[in-house]
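Below is one structure, written out as structure tokens; the observations come after it.
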Amino acid sequence: MKKVITYGTFDTLHYGHLFLLERARNLGDYLIVALSSDDFNKKKGKSSYLDFNTRRSLLEAVKYVDEIIVEDSWEQKRQDIINHSVDLFVIGNDWTGKFDQLRDLCEVHYLERTPDISSTAIKNKIQSA
Ligand code: C2G
């Protein structure tokens, strides 16, 4: 079984996220999503519109997602890959090159981001409505 992992905040879940999750899942047989905690979002300089539990509930409803773990540090990726016997790390190409140091543990793959959709744009739309 080829295990894939990806990381993110997945705020205001949208079709850009879904297309990332679909492609990630189809690169293997099992997809783990490491979902950024609200505290870790602060460390990332992000404040999500939806809290962790809501973001997790939305992801749990996505058929491509097999398991959800919490992301609460930048440094946990190596241990996650080892602990979960991950074969492939996947993330959007806005991160290209940033996780190449994981290549001694697993394959690393950067996927094209979906244009013209973002949680920031959605939040701005909600707040201006
Ligand atoms: N994404 C995408 N297309 C978009 C928006 C997002 O493909 N239009 C992808 C991102 O590239 C990322 C995933 O969806 O792979 C989740 O996006 P974010 O929640 O913005 O993730 P980010 O805050 O970049 O978190 O340790 C890594 C970080 O936690 C990554």
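The values are calculated or read from the model by the stated rules, or taken from the named source; none is laboratory data. Quick caveat, the model's predicted, so the values are computed rather than measured. Don't worry about glycine lacking a Cβ; one is built from the backbone with ideal geometry, like all the others, and counts go over all protein chains shown. Please note that ligands, DNA and RNA were not included when accessible areas were found on the heavy atoms of the full protein model with its side chains. Shrake-Rupley method; radii C 1.70, N 1.55, O 1.52, S 1.80 Å.
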For the chain, the accessible surface attributable to carbon and sulfur atoms (probe 1.4 angstrom, ligands and nucleic acids excluded) amounts in percent to 50 percent
Per-residue ellipticity at 222 nm for the chain, helices alone: DSSP H runs ≥ 4 residues times -39500 (n - 2.57), over residue total, nearest 500 deg cm²/dmol? -9500 deg cm²/dmol
On a straight-distance basis, which aspartates and glutamates could pair with K125 in a cross-link, Cα separation under 20 angstrom, same-chain partners fewer than 8 positions away excluded? D11, D51, D116
To the nearest 20 debye, the chain has a Cα-centred charge dipole, built from +1 on Lys and Arg Cβ and -1 on Asp and Glu Cβ, of 300 debye
Kirkwood Rh, Cα Rg: Rg to Rh for region 4-92? 0.93
Measuring from centroid to centroid over Cα atoms, what is the spacing of region 76-128 and region 35-70 in Å? 13 Å
For the chain, the longest principal axis of the Cα atoms and the Cα long axis of helix 15-26 enclose an angle in degrees, to the nearest 10, of 10 degrees
Percent of all alpha-carbon pairs of region 42-107 at distances over 14 Å, whole number, is 69 percent
Mean separation of Cα contacts under 8 Å (at least 6 apart) over the residue count of the chain, i.e. the relative contact order in percent, is 32 percent
Candidate residues T9, T54: accessible-area rank, largest first, probe 1.4 Å: T54, T9
